Protein chains: 2
Amino acid sequence: MKKPKGKRLEPNHLLLIGFLAIILMGSMLLSLPVAHNSGQDVAYIDALFISASAVCVTGLVTVDVALTFSLFGRTVIAILILLGGLGFASIVISFSLLLGMNVNLSKRLFIKEAYNLSSIKGTLGIVRAVLISSFVIQALGTAAEYFVFRQAYTPLNAFGHALFNTISAFNNAGFDLMGGYRSLTAYQASAVMNLTTAVLIILGGTGFFVLADIARSRTWSSLSMHSRIVILMNGTLITLGFLFFMAVEHLSPLAAFFQSVTTRTAGFNTVDIASFSQAGLFFAMLLMFIGASPGSTGGGIKTTTTFALLLSLGSLMFRRESAAFKRKVGGESILKAFQVLLLSFLVVLFGSLSLLLIEGETYDFMAVLFETVSAFATVGLSCGITPTLSTLSKVVIVLIMFAGRVGPITIATSLKAKSSHLGYIEEQVFIG
Amino acid sequence: MKKPKGKRLEPNHLLLIGFLAIILMGSMLLSLPVAHNSGQDVAYIDALFISASAVCVTGLVTVDVALTFSLFGRTVIAILILLGGLGFASIVISFSLLLGMNVNLSKRLFIKEAYNLSSIKGTLGIVRAVLISSFVIQALGTAAEYFVFRQAYTPLNAFGHALFNTISAFNNAGFDLMGGYRSLTAYQASAVMNLTTAVLIILGGTGFFVLADIARSRTWSSLSMHSRIVILMNGTLITLGFLFFMAVEHLSPLAAFFQSVTTRTAGFNTVDIASFSQAGLFFAMLLMFIGASPGSTGGGIKTTTTFALLLSLGSLMFRRESAAFKRKVGGESILKAFQVLLLSFLVVLFGSLSLLLIEGETYDFMAVLFETVSAFATVGLSCGITPTLSTLSKVVIVLIMFAGRVGPITIATSLKAKSSHLGYIEEQVFIG
Ligand SMILES: [K+]
Ligand SMILES: [K+]
């Protein structure tokens, strides 16, 4: 039953290699002097870090982006975010489509894996829909934010800020050009800014599959189980976060709502994260860890994974099979959800342990764990330790961001295990 | 397919109620003035805490046990530890046997669940073997430790200390009568003390099932898969902990070995835990979380659960079915292992969050998380915050200890889910 040697690369592996290639190219472009403002010197590790952070749509930064990077550098970052948000597979197909090339079966398989689809039927249509709807949404977002930025900037600068901010929000990247690691704290009271950004984040983090399903179905009962789970979890998590941040961190309703939305993967902030209470930071870690929805620009273990996990615990408690919305949830989904949870848990665990071993007692455990969860869930919030980390720690964070961006989807799209031990007797292990 | 209302209590529920009843009785006995040294006043919450900590064989204490409790009080604590270590089911059967009563089927079912056995055949033999071997091991341990304590105490006091310490070690309770929350730090260099205690801990934490299997089989190839997994995991984890504590905390080989053994559930310490580096504390949390083996006196998610989890990740990585020692590991075991992991994760998560919400910024996040993991895994190590916790936090810790003692075994012995949604179509959920 063994596979022949010299096998072809699987779509999964190509996705990984594609992501890596884009990160490396980005790091080289960001290392060029033309990418920097005059007088700014950027170490290669920082160029690599920013590139990885952009492609993984994380938003953690080791240098002040606004201060350091020239217009060229910022444009490179924006393009890296766009590419990272779309996903490598879509990029390949998009270019093929734009260049009028034939999209062959292996490329369609790509898309199927990248968007976690159950069949390759209609993959081209999906890519087209993704591209067009992304463009329209980001154009509208840019227009809305232009008027906010216009109050403080020249028309050209306002447009630049609005465009960058919209790309960063819709792709859940969380990068900003405000300078001084301030994120959107200056716009804490601006309802237009907060709501536009929040809507972009939610649309980007919901996943194209669900957006298409909503556009097509229009009624709750005709939505797929997947879409219903995503909407239900999104609503529940946003509400919980909103209430928690209001009650525990005493934020205004607008700030609490924005923080609840942005913590789940975008990583903008309108309030100072480092000033949160320990309970607030811990709760934020939980929101970050859960993250956005599959097939979206967001990270984390995902809303549907969380739902499947809760369903499994529920079935244990009530001794019923896992079922929701009058559908049984397949055992394979449940197992994959648990595997995603375990892998994510291990990445955060060994990531944090590595950082603690490298940095010793320099940073609080809370700040280190927060940084790791934020990197893994591609959120980008931080207690402010990123710029002062040692080079080795920066490499660790880059690896965590990469694992967080491609890990869960790789598990989700992995094929079923082969029955390779047919001769073995099955035996249960004593658990607990 | 619904169960009739007014159903009989299941063995699982009786186990819970039994544990609760013993904890409450213990708390009342420890509240009696006769249980206290003269001049010592014990609040009910502290009596409850100590009783729960003893019955759950945890070892966290809110008061100085040696200073506070009289000989009567200490005897009550020792008996609570013995009862907690044996488990409620064995207690019922033991009394029945001692009193010459007939042990009926429902009591045998009890034992089956309590020891996580696959059938009720031979349950009485198991209880007898458990009682006799426990007695012999603890008698030998007391004898060995007597000579260590005799160097500093009168014969009677030395015997008392040796007996209490042996009971506490074999049952993985971690209580001590040294005073001043010093645990065994005074005996850091005593090889006899360290090795006797370590052997008692390992025997107690291995589980009677495996000990019986070893006594019966004598060769590796005739051991059950369960026993092999336990031995393999024990060896690996003790070695890893030993190397880590030597390398990172610069402990002597004896202290590193002892710390590696005791951290996995006993909770004694010969070095000051609060002086550990953050990396050391984090690593200790990982060891605590994994814990001992099923059917033993120890806590945590258990060695076999961890093995099943790693096996599942391995099968994902290599696209093979989960197999070890030429046996396929059943899907049900894997699912239960994941459910134990998730439940444990949630207990630690919401336990820590509750403590943070209650205590605010009084304690470091690290100390709070460490306390929660220690309580959940019934370890009893602490950064020293237990005595100063508020009453509400003490209640939270009591609940965490209880969940940690009975939670994993309840999941492990839960029956298979009923097919109650026969009419539903199965659908996979998109994960990751
Ligand atoms: K982000
Ligand atoms: K203990």
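The values are calculated or read from the model by the stated rules, or taken from the named source; none is laboratory data. A quick note: this is a predicted structure, and the numbers were derived from the prediction, not measured. Note that we place each Cβ from the backbone using ideal geometry, even for glycine, and neighbour counts take in every protein chain shown.
Among B:T388, B:T378, B:T372, B:T303, which is β-branched (V, I, T), modelled with pLDDT of 90 or more and either surrounded by fewer than 23 Cβ atoms within 10 Å (Cβ to Cβ) or out of contact with any helix residue (DSSP H, G or I) (no Cβ under 6 Å at 6 or more places or on another chain) (or both)?
B:T388
Please determine whether any residue of segment A:221-239 is within 11 Å of chain B (Cβ to nearest Cβ), away from ligand 1 (no atom under 16 Å from the Cβ), hydroxyl-bearing (S, T, Y) and crowded, with 20+ Cβ neighbours inside 10 Å.
yes
Got at least one residue in segment A:51-59 being more than 20 Å from A:F170 (Cα to Cα) and either at pLDDT below 90 or surrounded by 21 or more Cβ atoms within 10 Å (Cβ to Cβ) (or both)?
No - not one qualifying residue is present in segment A:51-59.
Please work out if B:A284 is within 16 Å of ligand 2 (Cβ to nearest atom), modelled with pLDDT of 90 or more and surrounded by 23 or more Cβ atoms within 10 Å (Cβ to Cβ).
yes
Please go through segment B:176-196 and pick out each residue that is touching a Gly at 6+ places or on another chain (Cβ under 8 Å) and modelled with pLDDT of 90 or more.
The one that is touching a Gly at 6+ places or on another chain (Cβ under 8 Å) and modelled with pLDDT of 90 or more: B:T196.
Report yes if some residue within segment B:112-130 is polar (S, T, N, Q), touching a Ser or Thr at 6+ places or on another chain (Cβ under 9 Å) and modelled with pLDDT under 75; otherwise report no.
yes
Kindly provide the set of residues from segment A:274-293 that are aliphatic (A, V, I, L, M) and touching a residue at least 12 places away in the same chain (Cβ under 8 Å), ordered by number.
A:A274, A:A279, A:L281, A:A284, A:M285, A:L287, A:M288, A:I290, A:A292, listed by residue number.
For segment B:371-391, name all the residues that are away from ligand 2 (no atom under 14 Å from the Cβ) and within 14 Å of chain A (Cβ to nearest Cβ).
If the condition is that a residue be away from ligand 2 (no atom under 14 Å from the Cβ) and within 14 Å of chain A (Cβ to nearest Cβ), then B:T372, B:C383, B:I385 are the ones that fit.
Against the definition (more than 10 Å from every other protein chain (Cβ to nearest Cβ) and either without any contact (Cβ under 8 Å) to a residue 24 or more places away in the chain or in contact with a helix residue (DSSP H, G or I) (Cβ under 7 Å, 6 or more places away or on another chain) (or both)), how does B:S296 come out, yes or no?
The answer is yes for B:S296.
Buried (at least 17 other Cβ atoms within 10 Å of the Cβ) and within 22 Å of A:M225 (Cβ to Cβ) - does that describe any residue in segment A:193-202?
yes
Only one residue in A:L346, A:L309, A:L313 is surrounded by fewer than 21 Cβ atoms within 10 Å (Cβ to Cβ), at pLDDT 80 or above and at the interface with another protein chain (Cβ under 7 Å from one of its Cβ atoms), so which one is that?
Answer to the selection: A:L313.
Hey, any hits in segment A:393-408 for a residue that's away from ligand 2 (no atom under 16 Å from the Cβ), free of Cβ contacts under 8 Å to residues at least 60 places away in the same chain and within 20 Å of A:S275 (Cβ to Cβ)?
No, the conditions are met nowhere in segment A:393-408.
Mind listing just one residue for me: the one in segment B:256-280 that is hydrophobic (A, V, I, L, M, F, W, C) and buried (at least 24 other Cβ atoms within 10 Å of the Cβ) and, of those, farthest from the other protein chains (Cβ to nearest Cβ)?
Per the stated criteria, the residue is B:F268.
Where residues in segment B:159-190 are more than 21 Å from the chain's Cα centre (by Cα) and assigned to a loop (DSSP other than H, G, I, E, B), which of them is farthest from ligand 2 (Cβ to nearest atom)?
B:A189
Against the condition in contact (Cβ under 8 Å) with a residue 12 or more places away in the chain and assigned to a helix (DSSP H, G or I), how does A:I202 come out, does it pass?
yes
Restricting the search to segment A:160-210, which residues are of a type in the set (A, V, I, L, M) and within 14 Å of another protein chain (Cβ to nearest Cβ)?
A:V210
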